[in-house]
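> The following block contains the structure, expressed as structure tokens.
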Amino acid sequence: MEDPIYRLTGTFSELQELLQSQFAMEEKAARFSVCLLIMEQHQMVDELSETHTALWYLNRHEHFTTPVFKSRFSISLTDVKKNILDQIFIQFGGILIDGDTLAFTTILNCLLVIYRSGTFIKKEECCVYYQALSWKATHASQEYFQVQDILPSVPENVCRHLDLIKEGKWKCYSCHEENCSATVESFSVILNELCERNVLKKYNNMYRFTK
């Protein structure tokens, strides 16, 4: 049996309300999903820019009066894709920092690749991918990074993502009794696996996000 396709139409806010009421999404997850779905299906629409999407997400309590925010958009969703959206938000929603439009659009474009490819970032890949996202958020104009650029740099090698690991959202084989033992070699293994799934691209031992 084929996965049913749900087609939804509405403004930014109406689509968020539909995802909350019809798909039991929490408010933040629904808002994040609307941004990703609209970008995924309307990137070529002239009236919509990534900046508009970011502004709507980041300015949650602001009432927009410009035409683009009143426009009605059509999005489609399947149960499988919803599961991917839920998983992406659970794993990486915390990196979406309020007030930083450039960082938001940069990160959202990276997460959009995961959604479009229909893949999951495995729990044991989360730290590596999150480190890469964090690097990209602060180096939006740079395309390629080296493994050394994203290795955790923390005092006394204490893991910086303990809460996510303890909550079971992430797994990390480099975390031992709260200490981080990540190496270039351990990160490279995971980065290469992400390249095989077309999440990243590799060139001369450097990596970039798939466009």
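The values are calculated or read from the model by the stated rules, or taken from the named source; none is laboratory data. Computed from a prediction, not measured in an experiment: that's the story for all the values here. Here the Cβ positions follow ideal geometry from the backbone for every residue, glycine too, while neighbour counts run over all protein chains shown. When the accessible area is computed, the model is the full protein with side chains, heavy atoms only, and any ligands, DNA or RNA have been set aside. Shrake-Rupley method; radii C 1.70, N 1.55, O 1.52, S 1.80 Å.
> Please pick out the residue among LEU55, LEU85 that is aliphatic (A, V, I, L, M), buried (at least 16 other Cβ atoms within 10 Å of the Cβ), modelled with pLDDT under 90 and not in a loop (DSSP other than H, G, I, E, B).
One residue alone meets the criteria, LEU55.
> Please verify whether segment 123-132 includes one or more residues that are assigned to a loop (DSSP other than H, G, I, E, B) and in contact with a helix residue (DSSP H, G or I) (Cβ under 9 Å, 6 or more places away or on another chain).
The answer is no, given that none of the residues of segment 123-132 is assigned to a loop (DSSP other than H, G, I, E, B) and in contact with a helix residue (DSSP H, G or I) (Cβ under 9 Å, 6 or more places away or on another chain).
> Still on this structure, I have one more. Being more than 16 Å from ASP100 (Cα to Cα), surrounded by fewer than 21 Cβ atoms within 10 Å (Cβ to Cβ) and either modelled with pLDDT under 90 or among the small types (Gly, Ala, Ser) (or both) is the requirement here; does GLU40 meet it?
Yes, satisfied.
> Considering only segment 133-149, how many residues are open to solvent by less than 30 Å² (accessible area, probe 1.4 Å) and modelled with pLDDT of 95 or more?
Residues in segment 133-149 being open to solvent by less than 30 Å² (accessible area, probe 1.4 Å) and modelled with pLDDT of 95 or more: 2 in total.
> I've got another one for you. Tally time: how many residues in segment 114-132 are among the hydrophobic types (A, V, I, L, M, F, W, C) and open to solvent by 10 Å² or more (accessible area, probe 1.4 Å)?
Residues in segment 114-132 being among the hydrophobic types (A, V, I, L, M, F, W, C) and open to solvent by 10 Å² or more (accessible area, probe 1.4 Å): 2 in total.
> Assess whether LEU191 counts as being closer than 22 Å to ILE90 by Cα and in contact with a Phe, Trp or Tyr (Cβ under 6 Å, 6 or more places away or on another chain).
yes
> Additional query: If a residue must be open to solvent by 90 Å² or more (accessible area, probe 1.4 Å) and outside any loop (DSSP other than H, G, I, E, B), how many such residues does segment 180-211 contain?
Summing the residues that are open to solvent by 90 Å² or more (accessible area, probe 1.4 Å) and outside any loop (DSSP other than H, G, I, E, B) in segment 180-211 gives 4.
> Within segment 158-167, how many residues turn out to be part of a helix (DSSP H, G or I) and crowded, with 16+ Cβ neighbours inside 10 Å?
The number of residues fulfilling the criteria is 2.
> Right, something else. Please state which of the following conditions GLU62 fails to meet, knowing it meets all the rest: (1) open to solvent by 30 Å² or more (accessible area, probe 1.4 Å); (2) modelled with pLDDT of 75 or more.
Failing condition for GLU62: (2).
> Of the conditions (1) surrounded by fewer than 17 Cβ atoms within 10 Å (Cβ to Cβ); (2) within 21 Å of LEU96 (Cα to Cα), GLU177 satisfies every one except a single condition; which number is it?
(2)
> Kindly check whether there is at least one residue in segment 111-130 that is basic (Lys, Arg) and either in contact with a strand residue (DSSP E or B) (Cβ under 7 Å, 6 or more places away or on another chain) or modelled with pLDDT of 90 or more (or both).
Yes; the residues of segment 111-130 include at least one that is basic (Lys, Arg) and either in contact with a strand residue (DSSP E or B) (Cβ under 7 Å, 6 or more places away or on another chain) or modelled with pLDDT of 90 or more (or both).
> I need the full set of residues from segment 88-98 which are open to solvent by 70 Å² or more (accessible area, probe 1.4 Å) and within 17 Å of ALA54 (Cα to Cα), in order please.
GLY94, ILE97, ASP98
> Right, next: Within segment 126-146, does at least one residue satisfy the condition of being among the charged types (D, E, K, R) and closer than 26 Å to ASP100 by Cβ?
For segment 126-146, residues among the charged types (D, E, K, R) and closer than 26 Å to ASP100 by Cβ: present.
> Sticking with this structure for a sec: Which numbered condition trips up MET206, out of (1) in contact with a strand residue (DSSP E or B) (Cβ under 8 Å, 6 or more places away or on another chain); (2) under 22 Å from ILE88 (Cβ atoms)?
Here MET206 clears every test but (2).
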